[in-house]
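Everything on this sheet refers to the single structure shown next.
The values are calculated or read from the model by the stated rules, or taken from the named source; none is laboratory data. Source: prediction; values computed, not measured. All Cβ positions, even for glycine, are placed from backbone atoms using ideal geometry, and neighbour counts span all protein chains on display. Only protein heavy atoms, including side chains, enter the accessible area calculation; ligands, DNA and RNA are left aside. Shrake-Rupley method; radii C 1.70, N 1.55, O 1.52, S 1.80 Å.
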Amino acid sequence: MKQRKKRWTACAACSLLLAVLAGCSSAQNIVFDNNTEEHEPEIRLTMFGYKYEALNVAAIEDTLHSYMDAYPGVSISYDGIKGTEYFSVLEKRIATGNGDDIFMVDHERVLELGRQGKLADLSGLSTLDDFSDLAKSQMYADGTVDYVPTSISAFGLYCNTDLLKAHHQKVPENLEELETVCDYFVSEGITPIVANNDISLKTVAIARALFPIYREGDAAERIGAFNDGSSDLAEALRPGFALVEQMVKRGWVDPGTALNTEKTKDDLEQFAEGGQPFMLTGAWAVTRLRDLQPAFAFEVRPYPIFEDGSVLVINVDTRVSVNADSPHLEEAKQFVEYMTHKDVMWEFVESQSSFSPLKENRLAGDRAIQSIGPYLTNGRSVLGSDDNLKYPIWDITRQCIVGMLEGDGTQAAVSQMRGLLSAWKSAEIEGNIQ
């Protein structure tokens, strides 16, 4: 293997780059690149993403190393930004003609950038047949392949099993049991659920409202009715908003605290203190929670929010796209193809405590999330952000939940949802006309 010089810096180098391309940013930045000692590469690619955790970056670094060993004429560098600021910077880079060759996207950016013609068609990649039917149902939703997923993420109910045992309570497996245990802790002066201001309550709302559509087996048709307006998506979300309203009114979550709780950071610190039995957040955060060294045992379960059992919220996630305007389009596609080979992708999947989007049936190595694995195939899962839906439900629902944490009730949330959907549709029509 060729010896390489590696440069790894935090903040300084990347901040200078962002200041030039997108203005100042307070986000945490990580950047690294690799160069051969023997000669300068003929082609330099850049990759931009929102993965910054040490395990994730190490997996990305390994992929870049092995790719450059296989293709010595190409050099590729990666830099990442923590948090939602990533998407603002991504959009600014692309709008100013400074877009990276390869970048990570979410459902909303797939809709927006796809409409602008900024995403290269990846339908020619040789690895596409390796993806599962679930992944393909998302990747091919528009007829072309605008991205490839590198994981299936899950959202779960973290349970402090030691605290539950100390109070003679059990891990809830349905809505009635969740109500019982949460009401018990409220009676003891304990707010039972740690919730953040982003992915916690919106995933509960989406799951409660849309799981009936998925379990009936005609999800594509029902979602199509939302797209053409023959079915009211805002009204469909009503049962989800009603459950969130119940959770707030009964004291299961503290709305003021949740409004100021950053996902997979502040919430983990609160939960790690050990005083609350539950937390709602991404299953990928188990490693970060362990790093805080909580003095209790915990496990992650699907959401027990139905009378007949639990449901798992999943996303075909960590989506990677190629810039359609890249001066090295074929090489960028070649790298994406390389990173979606089974063994290469698995290291990245494992680093995120997630599940593989490929047909393979490898079990997640992390025991804390193994109990939710069967929900990927047992018919009790719901996509939090379905590509067949032509609205950015992930972000729109979050805005409605923020309103509820500020005091809105169910009807106000439904009305806000309807207005946000209408505004998105108008912007889409205007964009298509232009």
Note: the stretch 191-314 at 20 °C, 1.002 mPa s; Kirkwood Rh on alpha carbon pairs; Stokes-Einstein D in µm²/s works out to 136 µm²/s
For the stretch 261-340 the trypsin sites (Lys or Arg not before Pro) that pass both the DSSP coil test and the at-most-16 other-Cβ-within-10 Å test are LYS265
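From the cross-link list LYS136/LYS165; LYS249/LYS359; LYS92/LYS359; LYS51/LYS202; LYS51/LYS390, which pairs have alpha carbons spaced over 31 Å apart? Intermediate values should be presented prior to the final figure.
Details: LYS136/LYS165 42 Å; LYS249/LYS359 43 Å; LYS92/LYS359 36 Å; LYS51/LYS202 22 Å; LYS51/LYS390 26 Å.
Violating the 31 Å limit, Cα to Cα: LYS136/LYS165; LYS249/LYS359; LYS92/LYS359.
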A chain fully extended from SER422 to GLU273 at 0.36 nm per residue, minus the present Cα-Cα distance, gains in nm 49.4 nm
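Take the alpha-carbon positions of the stretch 89-216, form their convex hull, and give its projected area averaged over all directions (one quarter of the hull surface) in nm².
Its average projected convex-hull area is 11.8 nm².
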Label model pair GLU179, GLU262: point-to-point distance (7 angstrom along the Cα→beta-carbon line) in nm is 3.7 nm
The longest stretch of the chain containing none of the GluC sites (Glu not before Pro) that sit in a DSSP loop with at most 15 other Cβ atoms within 10 Å is 43-172
The whole-number value in µm²/s of the Stokes-Einstein translational diffusion coefficient for the chain, with Rh from the Kirkwood sum over alpha carbon pairs at 4 °C and 1.567 mPa s, is 57 µm²/s
In degrees, nearest 10, the alpha-carbon axis of helix 85-95 is tilted away from the dominant principal axis of the alpha carbons of the chain by 40 degrees
Rounded to the nearest 0.05, FRET efficiency between ASP308 and ASN227 (Cβ-Cβ, R0 22 Å) equals 0.15
For LYS92 the rounded accessible area (nearest 10 Å², probe 1.4 Å, non-protein molecules ignored) is 100 Å²
Label model pair ALA166, ILE190: point-to-point distance (7 angstrom along the Cα→beta-carbon line) in nm is 0.7 nm
Computed from every Cα-Cα pair in the stretch 131-203, P(r) in 10 Å bins starting at 0 and rounded to whole percents is 15, 33, 21, 17, 12, 1
Over the stretch 250-400, the quotient of the Cα radius of gyration and 2.2 N^0.38 Å is 1.22
Answer in debye to the nearest 20: the dipole magnitude of the chain about its Cα centre, from +1 Lys/Arg and -1 Asp/Glu charges placed on Cβ, is 380 debye
